[in-house]
Amino acid sequence: MGSRAGVVYLVGAGPGDPGLMTARSLDLIASADVVYYDRLIPPGALAGAREEAELIYVGKQPGVPSLPQEEIGERLIEGAQAGRSVVRLKGGDPFVFGRGGEEGEALREAGVEFEVVPGVTAGVAATAYAGIPVTHRDDASAVAFVTGHEDPTKTETALDWEALAAFPGTLVFYMGVRRLAENAAALIAAGRDPEQPAAAVEKGTMAAQRTVSATLGTIAEAVEREAVGAPALIVVGPVAARRERLAWLERRPLHGRVVVVTRARAQASGFAATLRELGAGVVELPAIRIESRIDSAEVREAAAAIAEYSLVCLTSPNGVRLLFEALGAAGSDARALAGATVAAIGPGTARALAEHGIVADVVPERFVAEALVESLAAVEVEGRQVLIARAAEARDVLPKALRERGAEVDVVPLYETVPEQPGADAVEAAQGADYVTFTSSSTVTNLTEALGDRFPGSARIVSIGPVTSEAVRAAGLVVDVEAERHDVEGLLAALLADARVQPQQ
Ligand code: SAH
């Protein structure tokens, strides 16, 4: 549906997990002219915004005076009056401790139309992700969302501790860490049982989620001891103990681990998504970028003459994708390969071929050029025209071996991998990582050069195979884990096996 000009949208972005953003919020972000956003919005929340959209941060920043609430209100009004569609994006739900009510009233007063898009509020989301049901047939028939940080300038202190202590259900405190000791004491003094279960959920729904369990009487001390930081919620009530049976996020095999992915962005997303599903915090630190060369004369000639090759070797899924793009540009398609033997260097490449309707004739078990050479031993190549379509900077093992056996080999570079300068934020996020994964020697060389002494020294290095491992050692680093199967699935299996036996840092 999209956003309309002259309207302000007060939009909740959910508690942190990008998957908990609503369809409506994504739709509005994708169509807005301007987005005013807070600190507590999920990573990547703005990725879908239009290229021309203005994205303006209006949250608090340590040491920087934040934009006063009235000024934010004025900007929203001005934006709408200038005929723009304005999204005001807030963490969680805009009407739950989000000052959305104040902004809505200011808009109404100025005669500006608005819409409110609820978000998944932390009080139900962080708790659910911690395995704490805020209501429960046996334990809690009601739930109260309470601020633990009452505005000190308010004349009468709004929190009625007697009433809260007597509340027949779960208490969920937002902004409750700083004054936790005072608040817990006030609740106990007002008659709430100090033995009642309590929990603090830090960074709920995010990869770094952490939960500290205690009782009302001991929660303040536990939170201090465990150095629980913002954002965090405090839950008080018998439901907090249900975690023992219901915790699920923390049980994922990579929960609490930070894994750096160094593949080119175009290839990284599937791998990164799988890691996240397994509970890891993922830092994408692409060290290389893939640059197509299918416009080169070499590639165009090869694509036009593809039917003349009797053996076609492909060495990566990228190569497959680009070869078919080149064929398409030449007005050709998969049928041009009908007469050829097609060899793929490994299962990933074979899968990419299968997506184009080609079942590879030769696929070695191991994902290295030497293995492909071995597998091709059974194929007659003497005097045959062979096309090797691959990266510009690959090794010469394969063409050399085939030429020695009398083949006429054309090596055609479909793409080049060029160094990518990692962003400062990603480099920062990678510090203290548990694992750095390498899927090719070029990523090793480029990343170690780009990072220098900012390479996360704490991390265990996971390599996809011997060639990559060699590059790791050449860069002066130690390979902690080498995959047995030299593809991404193999790398993941090796990482999981290592995480099972490595204690959490
Ligand atoms: N409008 C937001 C709340 C903003 S107030 C919502 O509906 O969720 C900010 C407080 O929300 C934080 O101090 C913390 O108590 C809580 N909070 C927000 N995100 C959180 C998260 N991911 N995990 C735990 N608590 C969170």
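The values are calculated or read from the model by the stated rules, or taken from the named source; none is laboratory data. This structure is a prediction, so every number in the text was calculated from the model and none was measured. Don't worry about glycine lacking a Cβ; one is built from the backbone with ideal geometry, like all the others, and counts go over all protein chains shown.
Things worth noting here:
- Among the residues listed as 287, 264, 247, 303, the single one being of a type outside the set (Val, Ile, Thr) and either within 26 Å of residue 503 (Cβ to Cβ) or within 14 Å of the ligand (Cβ to nearest atom) (or both): 247
- Of the helices (runs of 4 or more DSSP H) lying entirely inside the stretch 308-410, the ones with 1 or more residues being loosely packed, with under 15 Cβ neighbours inside 10 Å and among the basic types (Lys, Arg) are found at 397-404.
- Taking (1) at pLDDT 95 or above; (2) within 29 Å of residue 30 (Cβ to Cβ); (3) within 31 Å of the chain's Cα centre (by Cα) in turn, residue 72 satisfies each apart from (1).
Okay, residues lined up against (1) assigned to a helix (DSSP H, G or I); (2) touching a helix residue (DSSP H, G or I) at 6+ places or on another chain (Cβ under 9 Å); (3) crowded, with 18+ Cβ neighbours inside 10 Å:
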| residue | (1), (2), (3) |
| --- | --- |
| 194 | no, yes, no |
| 200 | no, yes, yes |
| 207 | no, yes, yes |
| 214 | no, yes, yes |
| 220 | yes, yes, yes |
| 241 | yes, no, no |
| 268 | yes, no, yes |
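- Per-region count, the stretch 224-239, residues in contact (Cβ under 8 Å) with a residue 40 or more places away in the chain and assigned to a loop (DSSP other than H, G, I, E, B): 5
- Residues located in the stretch 12-21, provided they are away from the ligand (no atom under 11 Å from the Cβ) and crowded, with 16+ Cβ neighbours inside 10 Å: 18, 21
- Residue in the stretch 449-468 that is among the hydroxyl-bearing types (Ser, Thr, Tyr), out of contact with any Lys or Arg (no Cβ under 6 Å at 6 or more places or on another chain) and farther than 30 Å from residue 370 by Cα present: yes
- Residue, nearest to the ligand (Cβ to nearest atom), within the stretch 22-56, restricted to residues that are within 21 Å of residue 229 (Cβ to Cβ) and surrounded by fewer than 16 Cβ atoms within 10 Å (Cβ to Cβ): 39
- Total residues in the stretch 74-126, condition away from the ligand (no atom under 16 Å from the Cβ), part of a strand (DSSP E or B) and either in contact with a Gly (Cβ under 8 Å, 6 or more places away or on another chain) or among the hydrophobic types (A, V, I, L, M, F, W, C) (or both): 3
- In this entry, residue 50 is excluded by the filter for residues that are of a type outside the set (Val, Ile, Thr), free of Cβ contacts under 8 Å to residues at least 40 places away in the same chain and touching a Phe, Trp or Tyr at 6+ places or on another chain (Cβ under 7 Å).
- Selection status of residue 350, at pLDDT 90 or above, touching a strand residue (DSSP E or B) at 6+ places or on another chain (Cβ under 7 Å) and not assigned by TED's automatic domain parsing to the domain that holds residue 468: yes
- Test result for residue 273, within 16 Å of the ligand (Cβ to nearest atom), surrounded by fewer than 19 Cβ atoms within 10 Å (Cβ to Cβ), within 26 Å of the chain's Cα centre (by Cα) and not hydroxyl-bearing (Ser, Thr, Tyr): no
- Residue within the stretch 62-73 that is closer than 24 Å to residue 177 by Cβ and not in a loop (DSSP other than H, G, I, E, B) present: yes
- Cβ-Cβ under 8 Å pairs, at least 6 apart or on other chains, the stretch 418-431 side buried (at least 18 other Cβ atoms within 10 Å of the Cβ), far side of a type in the set (S, T, N, Q): 420/446
- Subset of the stretch 392-441 (residues that are of a type in the set (A, V, I, L, M) and closer than 21 Å to residue 462 by Cβ): 426, 427, 429, 430, 433, 436
- Scope the stretch 84-130; condition more than 18 Å from residue 15 (Cα to Cα) and either outside the structural domain of residue 17 (by TED's automatic domain parsing) or of a type outside the set (Gly, Ala, Ser) (or both); matching residues: 84, 86, 102, 103, 105, 107, 108, 109, 112, 113, 114, 115
- Of all residues in the stretch 127-137, those satisfying the criterion of being away from the ligand (no atom under 12 Å from the Cβ), part of a loop (DSSP other than H, G, I, E, B) and either small (Gly, Ala, Ser) or touching a residue at least 40 places away in the same chain (Cβ under 8 Å) (or both) are 131, 133, 134, 135.
- Within the stretch 430-485, the set of residues being assigned to a strand (DSSP E or B) and either over 17 Å from residue 254 (Cβ atoms) or among the aromatic types (Phe, Trp, Tyr) (or both) comprises 435, 438, 463, 482.
- Beta carbons closer than 6 Å, at least 6 apart along the sequence or on distinct chains, pair a first residue in the stretch 88-115 that is farther than 20 Å from residue 172 by Cα and buried (at least 21 other Cβ atoms within 10 Å of the Cβ) with a second that is at pLDDT below 95 and β-branched (Val, Ile, Thr) for 89/41.
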